[in-house]
1. Please work out if ASP214 is among the acidic types (Asp, Glu) and surrounded by 13 or more Cβ atoms within 10 Å (Cβ to Cβ).
2. Which ones in region 113-133 are part of a helix (DSSP H, G or I) and within 29 Å of TYR184 (Cα to Cα)?
3. Given the criterion touching a residue at least 40 places away in the same chain (Cβ under 8 Å) and surrounded by fewer than 16 Cβ atoms within 10 Å (Cβ to Cβ), identify the matching residue among GLY156, GLY183.
4. Are any residues in region 1-54 in contact (Cβ under 8 Å) with a residue 60 or more places away in the chain and β-branched (Val, Ile, Thr), and if so, which ones?
5. From the list GLU279, GLU245, GLU274, which one is modelled with pLDDT of 95 or more and either of a type in the set (Ser, Thr, Tyr) or surrounded by 14 or more Cβ atoms within 10 Å (Cβ to Cβ) (or both)?
6. Sort out which residues of region 160-173 are surrounded by fewer than 24 Cβ atoms within 10 Å (Cβ to Cβ) and in contact (Cβ under 8 Å) with a residue 40 or more places away in the chain, and write them in order of number.
7. With the checklist (1) modelled with pLDDT of 95 or more; (2) part of a loop (DSSP other than H, G, I, E, B); (3) in the same structural domain as LEU19 (by TED's automatic domain parsing) in hand, flag the one item THR146 doesn't pass.
8. Just to be sure I understand, how many residues within region 242-263 are more than 17 Å from LYS144 (Cα to Cα) and either among the hydroxyl-bearing types (Ser, Thr, Tyr) or under 21 Å from the mean Cα position of the chain (by Cα) (or both)?
Amino acid sequence: MKHLLKLYDLTEQEIIELLDSADKLKYEQKHGIEHKLLKGKTLGMIFAKSSTRTRVSFEVGMLQLGGNALFLSSNDIQLGRGEPICDTARVLSRYLDGIMIRTFKQSDVEDLAKFGSIPIINGLTDYCHPCQVLADLMTIREFKKTLKGLKLCFVGDGNNMANSLIVGAIKVGMSISIACPKGYEPAPEIVKWGTENGNLVITQDLQEAVANADVVYTDVWASMGQEGEKEKREKAFQGYQVNAELMSHANPDAMVLHCLPAHRGEEITADVLEAHANEIFEEAENRLHAQKAVMVALMGVKNKQAKL
């Protein structure tokens, strides 16, 4: 594992090792055990898309690991003035020990890895969100004590979250159903891969999708960069809401997850969110621990202490 560009690149064993590492790092942090596994290391954080959770979790994570994090908005570096990714990658590789980038195009992340010589972490693109799904899998395993054999249902847009959830769920032995309106399905190549390699259902029937689900997941109807489609999407996604009636068709002990921020009254009702707040905000916290595991795996010294 040289980079985290998308979950598709990882094996099941690599994903499980990251989750095990995240669990250990979380335990140590909760019990006041220092783990300065990245002492003296610096992570550059490129933000073409702003974020609360991504910035704070990576910055705090590097601090807890003994390293430093450097915030780089697209307005502050030459990428925002037209410098090619290939040049930025080669320059930053001479200053930093790793780069996390949160941006629009997946090709920007892939090009940073192609032309740079340091680990690249995908903090989000329009195509996928691997860091979030690692935190999701970590949270599901915490609450359910297993991953294999569980059913995950995603309700909403077949966006970057749906793409990464399909790959992550199938790679660890879960089945997954996606309930989305026609025309808003996940990426065709991911649907093809999921159908050929696991148990994947794409449907417009919400009750079919959520039946016997162990985990119900949703996301906003209009993601960052889609603000101009807000009215169109509100009309298209009417009914695609996680509410009490829908949850009655899932397993009685089903979890609810949301990558946040949540728009109460749109993709999820306030009562369902609050009933499952413990799961949802544990999921948010686990971004910190899962990303620390990724940074240790990519940027850490391979020694006995770091082997988790």
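1. So ASP214 fits the description; yes.
2. So the first thing to find is which residues in region 113-133 are part of a helix (DSSP H, G or I), and the list is 113-115, 130-133.
Matches in region 113-133: PRO130, CYS131, GLN132, VAL133.
3. The conditions single out GLY183.
4. THR11, ILE15, ILE16, THR52, THR54
5. Unique residue meeting the criteria: GLU279.
6. Step one: of region 160-173, the residues surrounded by fewer than 24 Cβ atoms within 10 Å (Cβ to Cβ) are 170-173.
LYS171, VAL172, GLY173 - these are the residues of region 160-173 that are surrounded by fewer than 24 Cβ atoms within 10 Å (Cβ to Cβ) and in contact (Cβ under 8 Å) with a residue 40 or more places away in the chain.
7. (3)
8. 7
The values are calculated or read from the model by the stated rules, or taken from the named source; none is laboratory data. Owing to the predicted nature of the structure, the values given are computational and were not obtained by experimental measurement. We place every Cβ from the backbone using ideal geometry, glycine too, and count neighbours over all the protein chains shown.
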